[in-house]
Amino acid sequence: MDRFTWQSARTVAEAASAGKCTVAEAMRADTDADRVVMKAGGIDLLDLMKEGLLRPTRVINLRDIPGLDTITEDAAGTRIGALVTLEQLAAHSISRQRYTALADAAASSATPQIRHVATLGGNLLQRPRCWYFRSAAHHCARKGGEHCFAFAGENQYHAVFGHDGCAIVHPSTVATALVAFNARVELANAQGGTRTVALEAFLVGPEVDVTRETDLRAGEVMTAVLLPPMPAGVRSVFLKQAERLSSDWSIADVAVVLQRAADGRCQNVSVVLGAAAPVPWRAQKAEAALTGRLIDAAVANAAGEAAIAGAEPLRRNAYKLPILATLVRRAVLTAADVRETVP
Ligand SMILES: Cc1cc2nc3c(=O)[nH]c(=O)nc-3n(C[C@H](O)[C@H](O)[C@H](O)COP(=O)(O)OP(=O)(O)OC[C@H]3O[C@@H](n4cnc5c(N)ncnc54)[C@H](O)[C@@H]3O)c2cc1C
Ligand code: SF4
């Protein structure tokens, strides 16, 4: 690992004015940016440095900034500080009771040790796990090269939707649930300004820019994730399939947020697929198949099939499609309190 200097910021303003580029910019081989980057829990940042993919000149530690590690709620909704850990998110009464799919997504991420250190902001801003991207020997398109090695290579964990020149799947498990809840992110800049953006718009696919996963700008600090209030009766479910039961990344996951009208019909619904595309993938056809319907096994099954309509699996990942359809069916039935019947 190369030498770098360390700065522990005490305020958001100090961090924002110190940060000179995003990690995505710092990792591009053709960069002439001053590689001063931010660190929260450090799980991904240190991985990238140890893998020889990122060589910062200075690291700005965010962990000592007070006030970014709490979860609060008021009439406008819930505010989750960017330094809240995945473990806090999994256990907090607000997330558990009102945003159950989010708490379950956090609880199913990584290992207990990692969840105690990893922060929500860092989780949303971590870089992808594509093994070609993580290999210093592969100068792929996401690192500023010309080729994607995954299309003709080992692509069993890659995207089945939206792989326009790059087939990563978005690495954040909680992002699937946050998009289903229509979360927004709050970002502070060096000029003292703040912007909030829908997470769904903040996470960008390769068709926008293959070298970054987000709309984070140089020097910006993510300060919070904002969730709208959940009306009484909204049910949410998160389901994940991985190869091992613990400590493993999703090979497919699903978040469903469902609100029913007084007559029991589905009124508002979000169906979002994770580990399926370079961004959390809103399954609009599944949402359409559910809206206005009384939910039973046939409707849930149709939603599952609709969720995978239009998928473009690669040579080695078509196995993901029946898994995604099954997860959607089960999540919808669970959210609607309908028992699954075995034919
Ligand atoms: C074995 C293993 C299993 C894992 N399994 C999962 C899993 O199942 N699901 C999952 O989602 N993740 C998983 N992870 C990834 C892990 O959860 C992330 O690496 C971690 O959440 C990153 O958070 P952090 O706080 O450590 O971020 P850091 O590593 O500190 O930062 C990550 C990135 O975010 C930027 N950053 C951090 N905070 C801010 C901020 N507030 N403002 C601006 N920029 C910021 C940094 O500059 C950096 O680019 C796994 C990791 C390992 C090692
Ligand atoms: S899928 Fe994306 S990150 Fe992986 S090799 Fe292709 S361009 Fe690189």
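Quick check on Ala309: is it under 20 Å from the mean Cα position of the chain (by Cα) and either more than 19 Å from Pro171 (Cα to Cα) or in a loop (DSSP other than H, G, I, E, B) (or both)? Steps first, answer last, please.
Working: under 20 Å from the mean Cα position of the chain (by Cα): no; either more than 19 Å from Pro171 (Cα to Cα) or in a loop (DSSP other than H, G, I, E, B) (or both): yes.
Here the answer is no, as Ala309 does not meet what is asked.
Select from region 83-95 the residues that are buried (at least 16 other Cβ atoms within 10 Å of the Cβ) and outside any loop (DSSP other than H, G, I, E, B) and write down the one among them that is nearest to ligand 1 (Cβ to nearest atom).
From region 83-95, those buried (at least 16 other Cβ atoms within 10 Å of the Cβ) are 83-90, 92, 94-95; that's our starting set.
If we keep only those that are outside any loop (DSSP other than H, G, I, E, B) as well, we get 85-90, 94-95.
Working: Thr85: 8, Leu86: 6, Glu87: 11, Gln88: 12, Leu89: 11, Ala90: 12, Ile94: 20, Ser95: 15 Å.
Filtering first and then ranking leaves Leu86.
Looking at Ala106, Ala136, which one is buried (at least 21 other Cβ atoms within 10 Å of the Cβ), aliphatic (A, V, I, L, M) and either over 18 Å from the mean Cα position of the chain (by Cα) or at pLDDT 95 or above (or both)? Step through it out loud before you land on a result.
Numbers: Ala136 fails: buried (at least 21 other Cβ atoms within 10 Å of the Cβ).
Residue meeting the stated conditions: Ala106.
Matching residues to (1) more than 11 Å from ligand 1 (Cβ to nearest atom); (2) not in a helix (DSSP H, G or I):
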position: Ala101; (1), (2): yes, no
position: Ala106; (1), (2): no, no
position: Gly121; (1), (2): no, no
position: Leu124; (1), (2): no, no
position: Arg127; (1), (2): no, yes
position: Ser135; (1), (2): yes, yes
position: His138; (1), (2): yes, yes
position: Glu154; (1), (2): yes, yes
position: Tyr157; (1), (2): yes, yes
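Are there strands (runs of 3 or more DSSP E) fully within region 185-291 with at least 1 residues that are polar (S, T, N, Q) and surrounded by 17 or more Cβ atoms within 10 Å (Cβ to Cβ)? List them. Spell out the reasoning first.
On the way: elements: 194-198, 221-227, 235-241, 252-260, 266-274.
Where strands (runs of 3 or more DSSP E) fall fully within region 185-291 and carry at least 1 residues being polar (S, T, N, Q) and surrounded by 17 or more Cβ atoms within 10 Å (Cβ to Cβ), they are 221-227, 235-241, 252-260, 266-274.
Kindly establish whether Pro112 is within 16 Å of ligand 2 (Cβ to nearest atom) and either farther than 18 Å from Ala188 by Cα or modelled with pLDDT of 95 or more (or both). If you could, list the steps in order and put the result at the bottom.
Values: within 16 Å of ligand 2 (Cβ to nearest atom): no; either farther than 18 Å from Ala188 by Cα or modelled with pLDDT of 95 or more (or both): yes.
No.
Residue under question is Ile80, and the condition is that it be touching a residue at least 40 places away in the same chain (Cβ under 8 Å), closer than 16 Å to Arg184 by Cα and crowded, with 20+ Cβ neighbours inside 10 Å; does it hold?
Details: touching a residue at least 40 places away in the same chain (Cβ under 8 Å): yes; closer than 16 Å to Arg184 by Cα: yes; crowded, with 20+ Cβ neighbours inside 10 Å: yes.
Judged against the criteria, Ile80 is a match.
Looking at Val197, Val185, Val169, which is the one that is of a type in the set (A, V, I, L, M), within 16 Å of ligand 2 (Cβ to nearest atom) and modelled with pLDDT of 95 or more?
Numbers: Val197 fails: within 16 Å of ligand 2 (Cβ to nearest atom); Val185 fails: within 16 Å of ligand 2 (Cβ to nearest atom).
Just a single option satisfies the conditions, and that option is Val169.
If only one of Ala309, Ala325, Ala331, Ala298 is among the aliphatic types (A, V, I, L, M) and either in contact with a Pro (Cβ under 7 Å, 6 or more places away or on another chain) or over 18 Å from Ala252 (Cα atoms) (or both), which one is it?
Working: Ala309 fails: either in contact with a Pro (Cβ under 7 Å, 6 or more places away or on another chain) or over 18 Å from Ala252 (Cα atoms) (or both); Ala325 fails: either in contact with a Pro (Cβ under 7 Å, 6 or more places away or on another chain) or over 18 Å from Ala252 (Cα atoms) (or both); Ala331 fails: either in contact with a Pro (Cβ under 7 Å, 6 or more places away or on another chain) or over 18 Å from Ala252 (Cα atoms) (or both).
From the options Ala309, Ala325, Ala331, Ala298, the qualifying one is Ala298.
Provide a single number: the residues in region 250-263 that are touching a Ser or Thr at 6+ places or on another chain (Cβ under 8 Å) and either within 16 Å of ligand 1 (Cβ to nearest atom) or over 29 Å from Cys130 (Cα atoms) (or both).
Kept after step one, since they are touching a Ser or Thr at 6+ places or on another chain (Cβ under 8 Å), are these residues of region 250-263: 250, 253-258.
Imposing the further condition that a residue be either within 16 Å of ligand 1 (Cβ to nearest atom) or over 29 Å from Cys130 (Cα atoms) (or both) reduces the set to 250, 253-255, 258.
Result for region 250-263: 5.
Within region 170-178, identify whether any single residue is within 11 Å of ligand 1 (Cβ to nearest atom), in a helix (DSSP H, G or I), farther than 23 Å from Gly219 by Cβ and polar (S, T, N, Q), and answer yes or no.
Yes, some residue in region 170-178 is within 11 Å of ligand 1 (Cβ to nearest atom), in a helix (DSSP H, G or I), farther than 23 Å from Gly219 by Cβ and polar (S, T, N, Q).
List every residue pair whose Cβ atoms sit under 9 Å apart, with the two residues 6 or more apart in sequence or on different chains, where the first one lies in region 318-343 and is modelled with pLDDT under 95 and the second, anywhere, is part of a loop (DSSP other than H, G, I, E, B) and surrounded by 15 or more Cβ atoms within 10 Å (Cβ to Cβ).
Matching pairs, first to second residue: Asp337/Ile295; Val338/Ile295.
Any residue at all in region 138-161 that is within 22 Å of Leu46 (Cβ to Cβ), near ligand 2 (Cβ under 9 Å from one of its atoms), without any contact (Cβ under 8 Å) to a residue 24 or more places away in the chain and in contact with a Lys or Arg (Cβ under 9 Å, 6 or more places away or on another chain)?
no
The rows are residues; the columns are (1) more than 20 Å from Thr214 (Cα to Cα); (2) modelled with pLDDT of 95 or more; (3) touching a strand residue (DSSP E or B) at 6+ places or on another chain (Cβ under 9 Å).
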{"site": "Met1", "(1), (2), (3)": "yes, no, no"}
{"site": "Met27", "(1), (2), (3)": "no, no, no"}
{"site": "Asp30", "(1), (2), (3)": "no, no, no"}
{"site": "Asp34", "(1), (2), (3)": "no, no, yes"}
{"site": "Leu45", "(1), (2), (3)": "no, yes, yes"}
{"site": "Glu51", "(1), (2), (3)": "yes, no, no"}
{"site": "Ile65", "(1), (2), (3)": "yes, yes, yes"}
{"site": "Ala90", "(1), (2), (3)": "yes, yes, no"}
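So Ala336 fits all but one of (1) among the small types (Gly, Ala, Ser); (2) surrounded by fewer than 19 Cβ atoms within 10 Å (Cβ to Cβ); (3) more than 24 Å from the chain's Cα centre (by Cα); what number is the exception?
For Ala336, the exception is condition (2).
The values are calculated or read from the model by the stated rules, or taken from the named source; none is laboratory data. What you see is a predicted model; the values in this text were computed from it and never measured. Note that each Cβ is placed from the backbone with ideal geometry, even for glycine, and that neighbours are counted across all protein chains shown.
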